[in-house]
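What follows is calculated from the coordinates using simple rules that are stated; it is not laboratory data. All of these numbers come straight from a predicted model, not from anything done at the bench. Positions of Cβ are generated from backbone atoms using ideal geometry, with glycine treated the same way; all protein chains shown enter the neighbour counts.
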Amino acid sequence: MNKSLMMAWIASIVATLGSLYFSEVMHFIPCTLCWYQRIFMYPLAIILGMAVYRNDVRIYRYVLPLSIIGMLISGYHTLLQKVPYLQQFEMCTSGVPCSQDYINWFGFITIPILAFTAFAIITISLVILVRSHKRG
């Protein structure tokens, strides 16, 4: 079993369960950018789980683009929350504003930062997987 693949899968499961906890238990209503991040994260938990089960190291071809796009969205979402100037370009025009902080742990950890961290862990794990696959 490949450790990098397992790490990516665990990160996707934790992110998916955390997202569901915030919305279903804490009753935080997701904004538009949160939905886009979910669109890219939720399938990763299933796809990476199947890859771990089959020890399919070639899965990076399909998962890496999803992870990078999700990381870009969550990075933009983080900037939108942390840089007041960018709030004038906010795309969330109905419902919950994307600049709203439901959580702000230690003064800087927000939901988009948690998502960015998960996507970064998945991306880094898959880059390590690619490098070890190409060497072997």
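For the chain, the Cα-based Rg and Dmax, in that order, read 15.7, 50 Å.
In this calculation the C-beta distance from Phe89 to Ile39 is compared with R0 = 22 Å, giving a FRET efficiency of 0.55. Suppose every Lys and Arg Cβ carries +1 and every Asp and Glu Cβ carries -1, with no other charges. What dipole size does the chain come out with about its Cα centre, to the nearest 20 debye? So the magnitude is around 740 debye. Between Val57 and Leu79, the simple spin-label model (points 7 angstrom out along Cα→Cβ) gives 3.5 nm. For helix 32-54, report the angle its Cα long axis makes with the longest principal axis of the Cα atoms of the chain; keep it between 0 and 90° and round to the nearest 10°. Approximately 20 degrees, to the nearest ten.
Note on the chain: with a GNM built from Cα contacts shorter than 10 Å, the maximum mean-square fluctuation among Ile113, Ile103, Ile73 falls on Ile103. Annotation for Lys3 and Phe108: the two label points, set 7 Å from Cα along the Cα-Cβ direction, are 2.8 nm apart.
Which parts of the range 24-63 would a label at Arg135 reach, counting a residue when its backbone N lies under 17 Å from a point 7 Å out along Cα-to-Cβ? Only 57-58 pass the distance filter. Rounded to the nearest 10 degrees, the angle from helix 60-82 to the longest Cα principal axis of the chain is 20 degrees.
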